[in-house]
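Structure first, commentary second.
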Amino acid sequence: MTSPETPELTAGHNLTSLQTFLLSEERKHPHATGSYTMVLSALSLAAKFIAARCRRARLEDVLGGMGAQNVQGEDQQKLDVIANEALVRALGSRKGVAILASEEDDDVIVLREDTSGERPYVVLFDPLDGSSNLDVCGSVGTIFSILQHDRRVADVRDSALQAGVHQVGAGYVLYGPSTVLVMTSGNGVSMFVLDPTIGSFLLVDDDVRIPESGKSYSLNAANVPRAAAGYQHYVQWANEQGYSMRYAGAMVADVHRTLMKGGVFLYPPTAKDPSGKLRLMYEANPMAMIVEQAGGKAYSGLTRTMEVEPTQIHQRVPVILGSSREVDTVLRHLAD
Ligand code: AHM
Ligand code: MG
């Protein structure tokens, strides 16, 4: 029993904010300059801003479309633009960041050309993934991938096109009933929940592990009849095994559920999007890093997602990610 004077803390025994966590991680690297911590603190600041705007979207009349399309021919929602601006403004003021790339912008944004002697960060993001869910009060999210300037290339712009294996950090923020930030810096996955009463992300799990299997698949079932035979056979097999199908239509929500409960998330190539719908650099790669760091697997067709060599910033890839056993089963059906 807890006495009234010592109310039980719900976020675990020790109270650790994202800032405290980042600072203690930084101390483990004696040569750290603090720039990486600054990148993550900018991302968390933008996430708090976006979470607040999503919560008040209807009241502030910022639901619905802009009446414009982004470079990929998709209708921009007002909040896509607001979220993009929040991230660009928060990251743009950080000295250690040289390049930004966003789903909402045609080209990369170069903040600093001169990178001599350093390896500044390149941050790629989807500001508000699944934004059409907003109109129906569904979950949406932000996804981010962090690279460092690649010394082998002369032009800093080219640093944005590195395979996912070179990511130094990745994560997502889920704006659902609560705001959840999940991140990795390459040594496991940590999860934080925003306490809106104090404005801090609090650590709730510093070693997130994805279940090895899970009888659930997540995909847009309407696409299955036109998907490659391997996907059709997998879905038929899973249905016969008594699997459940769960699909929110927002990658962050669907991947988060897969990470917590196990199963597999799929976005195969379709007639409309023959290379798949989801973007390699700021959707598939960061989610792949999270899932792999949590003990799962992530593939684009039969190739490991993080080994796909990028050729364009807005390139699309098929996505198969989740519990290792479930991903293996999908790959077996694809290979047959
Ligand atoms: P967006 O980045 O334009 O929001 O599109 C990506 C979203 C993902 O969140 C989700 O997994 C997918 O599109 C859903 O697509 P569909 O409606 O075709 O099932
Ligand atoms: Mg998206």
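Couple of notes before you dig in:
- Cut-off 12 Å between beta-carbons: net charge of the residues surrounding Thr179, Lys and Arg +1, Asp and Glu -1: +2
- For the stretch 147-189, the residues whose backbone nitrogen is under 18 Å from a point 7 Å from the Cα of Val110, taken along Cα to Cβ, are 148-162.
- With neighbours defined as other Cβ atoms within 10 Å of a residue's Cβ, the residues Leu79, Leu23, Leu266, Leu111 order from fewest to most as Leu23, Leu111, Leu79, Leu266.
- Cα pair count fraction exceeding 39 Å, expressed as % - the chain: 12 percent
- Distance between the modelled labels on Asp75 and Asp328, one decimal in nanometres: 4.4 nm (7 Å Cα→Cβ projection).
- Of the residues Ser323, Ser17, Ser145, the one that moves most in a GNM of the chain with alpha-carbon contacts below 10 Å is Ser17.
- Going by neighbour counts of Cβ atoms within 10 Å, the residues Lys28, Lys48, Lys95 line up, fewest first, as Lys28, Lys95, Lys48.
- The Cα trace of the stretch 216-335 gives Rg and Dmax of 12.9, 40 Å, the first to one decimal, the second as a whole number.
- Difference of contour (0.36 nm per residue) and Cα-Cα distance, Arg304 to Glu25: 97.6 nm
- Taking only the Cα atoms of the stretch 18-205, the radius of gyration and Dmax are 16.5, 50 Å.
- Here the chain is assigned +1 on the Cβ of each Lys and Arg and -1 on the Cβ of each Asp and Glu. Its dipole about the Cα centre then comes out at about 300 debye.
- Using a simple spin-label model with pseudo-atoms 7 Å out from Cα toward Cβ, Val165 and Asp207 lie 2.7 nm apart.
- The stretch 31-62 versus the stretch 69-147: alpha-carbon centroid distance in Å: 11 Å
- Straight-line reach from Lys48: taking Cα to Cα under 23 Å and skipping same-chain neighbours fewer than 8 places apart, the lysines in range are Lys78, Lys95.
- Between Val224 and Asp61, the FRET efficiency from the beta-carbon distance, with R0 = 51 Å, is close to 0.85.
- All lysines inside 28 Å of Lys215 as judged from Cα atoms, apart from same-chain residues fewer than 8 positions distant: Lys261, Lys277, Lys297
Every read-out reported here was derived from the displayed coordinates using simple, explicitly stated rules and does not represent laboratory data. Everything numeric in this text was worked out from a predicted model, so none of it was measured. Counting neighbours? That spans all protein chains shown, and the Cβs are built from the backbone with ideal geometry, glycine included.
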